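Enquirer: Here it is, the structure in full.
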Amino acid sequence: MWLPLKMTLITGKWPRPFGRRGITFIEVMVTAVILSAGLVAIYRSFFIGVDYLDHLSRRLCALDLIESRVAAIERDFRVLRDVDVGRLNETVLLNGRPVDFKYNIQLKPVGQLLSVFQLDIALSWVERGREVEIARSAYFSGIGSTEKGKGN
């Protein structure tokens, strides 16, 4: 196929037989802005997810620490051993980083009942510059009941 090689008189440009070829600078810049915005959104959502998983791992560890502390205090309470109450600290490695957990433990009788006790445990730690706390209460009764049951 033969293509004419002369300029048009109206525009002064060479004719493009198959339509416009290539893209303009404006189109390239708009595409770059759209892609950049999408990549920034993906990047932000990834790090928000990582922060949330870090928060959940600390929270699950704290719940596990509280449950094990309640079980240990109940065991010591039932065999009439000294119970650790007050403020205690414990450091745990989570994801390769140490996390300082602080306990606040209170054990007190419930009302006029001398055989029923209330245990209140609050566990706190620092996360992203703010203090986070989880608390749990438990009730114990029947001092020495497990020792009596073992002998019979």
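The values are calculated or read from the model by the stated rules, or taken from the named source; none is laboratory data. Computed from a predicted model, the values in this text were never measured in an experiment. As a convention, Cβ positions derive from the backbone with ideal geometry for all residues, glycine included, and neighbour counts pool all protein chains shown.
Enquirer: Take the conditions in contact with a strand residue (DSSP E or B) (Cβ under 8 Å, 6 or more places away or on another chain), in a helix (DSSP H, G or I), among the aliphatic types (A, V, I, L, M) and modelled with pLDDT under 95 and apply them to Leu65. Does it pass?
Expert: Yes: the conditions hold for Leu65.
Enquirer: For the range 30-59, which positions are β-branched (Val, Ile, Thr) and over 28 Å from Pro98 (Cβ atoms)?
Expert: At the first step, the residues of the range 30-59 found to be β-branched (Val, Ile, Thr) are 30-31, 33-34, 40, 42, 48, 50.
Matches in the range 30-59: Val30, Thr31, Val33, Ile34, Val40, Ile42.
Enquirer: Would you tally the residues in the range 75-93 being more than 27 Å from Arg59 (Cα to Cα), basic (Lys, Arg) and free of Cβ contacts under 8 Å to residues at least 24 places away in the same chain? So that I can check it myself, show each step before the final result.
Expert: Our first condition is that a residue be more than 27 Å from Arg59 (Cα to Cα); within the range 75-93, this holds for 78-82.
With the extra rule that they be basic (Lys, Arg), the set shrinks to 78, 81.
Cutting the leftovers down to free of Cβ contacts under 8 Å to residues at least 24 places away in the same chain gives us 81.
So the count comes out to 1.
Enquirer: OK, next. Tell me, yes or no, whether the range 26-33 has at least one residue that is more than 20 Å from Ser124 (Cβ to Cβ), charged (D, E, K, R) and surrounded by 10 or more Cβ atoms within 10 Å (Cβ to Cβ).
Expert: yes
Enquirer: In the range 85-111, what count of residues is obtained for those that are outside any strand (DSSP E or B) and in contact with a helix residue (DSSP H, G or I) (Cβ under 7 Å, 6 or more places away or on another chain)?
Expert: If we filter the range 85-111 for residues that are outside any strand (DSSP E or B), which is where we start, we get 85, 95-96, 111.
Now drop any that are not in contact with a helix residue (DSSP H, G or I) (Cβ under 7 Å, 6 or more places away or on another chain), which leaves 95.
Matching residues across the range 85-111 total 1.
Enquirer: Something else: Only residues that are over 19 Å from the mean Cα position of the chain (by Cα), of a type in the set (Val, Ile, Thr) and farther than 14 Å from Ala122 by Cβ: list them for the range 82-103, please.
Expert: Selection gives Val83 alone.
Enquirer: Please enumerate the residues belonging to the range 82-117 that are exposed (fewer than 15 other Cβ atoms within 10 Å of the Cβ), under 14 Å from Phe140 (Cα atoms) and not small (Gly, Ala, Ser).
Expert: Correct list: Gln106, Lys108, Pro109, Val110, Leu113, Leu114, Val116.
Enquirer: Determine whether the range 125-141 contains at least one residue that is assigned to a strand (DSSP E or B), among the polar types (S, T, N, Q) and at pLDDT below 90. Spell out how you get there, then give the answer.
Expert: Within the range 125-141, the first condition is being assigned to a strand (DSSP E or B), and the residues that meet it are 125-127, 130-141.
Restricting the remaining residues to those that are among the polar types (S, T, N, Q) gives 137, 141.
Going one step further and asking which of them are at pLDDT below 90, we end up with 141.
Yes; the residues of the range 125-141 include at least one that is assigned to a strand (DSSP E or B), among the polar types (S, T, N, Q) and at pLDDT below 90.
Enquirer: Consider Phe101 against the criteria (1) in contact with a Phe, Trp or Tyr (Cβ under 9 Å, 6 or more places away or on another chain); (2) at pLDDT 85 or above; (3) more than 30 Å from Ile48 (Cα to Cα): it satisfies all of them except one. Which criterion is unmet?
Expert: (3)
Enquirer: Residues in the range 54-81 that are closer than 16 Å to Trp125 by Cα and loosely packed, with under 14 Cβ neighbours inside 10 Å: how many?
Expert: Looking only at that region, the number is 6.
Enquirer: For the range 73-101, how many residues are on the phi > 0 side of the Ramachandran plot and of a type in the set (Asp, Glu)?
Expert: Taking the range 73-101 as the starting set, the residues that turn out to be on the phi > 0 side of the Ramachandran plot are 80, 86, 95-96.
Adding the requirement that they be of a type in the set (Asp, Glu) leaves none.
So the count comes out to 0.
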